[in-house]
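Enquirer: A single structure is presented below for examination.
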Amino acid sequence: MSTIILASLKDTEILGQRLGAEARPGDIITLSGDLGAGKTTLTRFIAQGLGVKDNYITSPTFSIIHEYQGRLPLYHMDLYRLQELSMDDELGLEDYLYGEGLCVIEWPNRLGEMLPARRLHIELTIISEDSRQAVIGEFDGGEQKKY
Ligand SMILES: Nc1ncnc2c1ncn2[C@@H]1O[C@H](COP(=O)(O)OP(=O)(O)OP(=O)(O)O)[C@@H](O)[C@H]1O
Ligand SMILES: [Mg+2]
């Protein structure tokens with residue numbers, strides 16, 4: 001695990017661009033943190049790093065998942081409202097979780113037992129108006145690796 005300080009939006013942009021540039025098919029990035037911590041903002045920069053042309057990723061609040069096309073497909077899930085929806089197989093989330101794109105998931109704990117074991121997890125904490133702490137860890141289903 002590593003802890004970094006994102007002192008400004010620029011630092012968040014650099015992190016997101018790098019994650020997007022390095023993503024491989026089937027990768028999953030889970031993003032936790034309070035409302036306003038920067039999960040959607042980081043996702044927007046990840047999309048840029050992936051070469052997604054729509055330069056504005058809005059929060060997919062009313063639809064659970066938004067799909068974008070870059071170097072790889074980007075599946076952006078915001079599961080905040082998942083408990084209000086019926087958590088059954090009809091949502092078909094597995095098709096995205098185990099697909100060929102990059103999955104970026106806000107509020108991943110809503111997945112419960114469906115939470116994929118192999119993923120990069122980032123926990124964002126608000127430090128001040130412009131700065132955030134990011135704790136980054138890679139999970140491979142067994143031990144936790146240093147990022
Ligand atoms: N260093 C920073 N990194 C990320 N966002 C920042 C930073 N500094 C300020 N912000 C601002 O914080 C806000 C983060 O909002 P955002 O919608 O990304 O949060 P969120 O974690 O997705 O919240 P929600 O849980 O409501 O979806 C944005 O207005 C963004 O501009
Ligand atoms: Mg959000």
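Values quoted throughout were computed directly from the atomic coordinates according to the rules given, and no laboratory measurement underlies them. Keep in mind that what you see is a predicted model, and the values were worked out from it rather than measured. Ideal geometry is used to build each Cβ from the backbone, glycine not excepted, and the neighbour counts take in all protein chains shown.
Enquirer: At 222 nm, what value in deg cm²/dmol follows for the chain if DSSP H runs of at least 4 each add -39500 (n - 2.57) and the sum is divided by all its residues, to the nearest 500?
Expert: Working: 3 runs with 31 residues, N = 147.
Rounded to the nearest 500, it is -6500 deg cm²/dmol.
Enquirer: On to the next question. Place +1 on the Cβ of every Lys and Arg and -1 on the Cβ of every Asp and Glu in the chain, take the dipole about the Cα centre, and give the residue among Pro73, Val104, Ala21 whose Cα lies farthest towards its positive end.
Expert: Towards the positive end, the residue furthest out is Ala21.
Enquirer: Also: Looking at the chain, send over the antiparallel percent of its DSSP beta bridges, to the nearest 5.
Expert: That works out to approximately 60 percent antiparallel.
Enquirer: To continue, here is another question. For Arg81 paired with Val135, estimate the spin-label separation in nm (one decimal), with each label point 7 Å from Cα along the Cα-to-Cβ line.
Expert: Going from the Arg81 label point to the Val135 one covers 3.0 nm.
Enquirer: Dipole of the stretch 2-127, Cα-centred, from +1 at each Lys and Arg C-beta and -1 at each Asp and Glu C-beta, to the nearest 20 debye?
Expert: 580 debye
Enquirer: Once fully extended, how much extra length lies between Met114 and Glu100, figured as 0.36 nm per residue of separation less the alpha-carbon to alpha-carbon distance? Don't skip to the end; give the middle numbers.
Expert: Details: separation 14, 0.36 × 14 = 5.04 nm, distance 1.77 nm.
Computed gain between Met114 and Glu100 is 3.3 nm.
Enquirer: How do Thr3, Thr40 rank when sorted from fewest to most other Cβ atoms within 10 Å of their own Cβ? Walk me through the intermediate numbers first.
Expert: Numbers: Thr3 11, Thr40 18.
The fewest-first ordering by Cβ neighbours comes to Thr3, Thr40.
Enquirer: Same structure, new question: Distance between the C-alpha centers of the stretch 8-48 and the stretch 102-128? Whole Å please.
Expert: Taking the Cα centre of the stretch 102-128 as reference, the centre of the stretch 8-48 is 11 Å away.
Enquirer: With label points built 7 Å along Cα→Cβ from the Cα atoms of Ser8 and Ile126, find their separation and express it in nm.
Expert: Reported label-point gap for Ser8 and Ile126 is 2.1 nm.
Enquirer: On to the next question. Once Rh is set to the Kirkwood radius over Cα pairs, what Stokes-Einstein translational diffusion coefficient, in µm²/s, holds for the chain at a temperature of 20 °C and a viscosity of 1.002 mPa s?
Expert: Details: Rh = 15.3 Å.
Rounded, D is 140 µm²/s.
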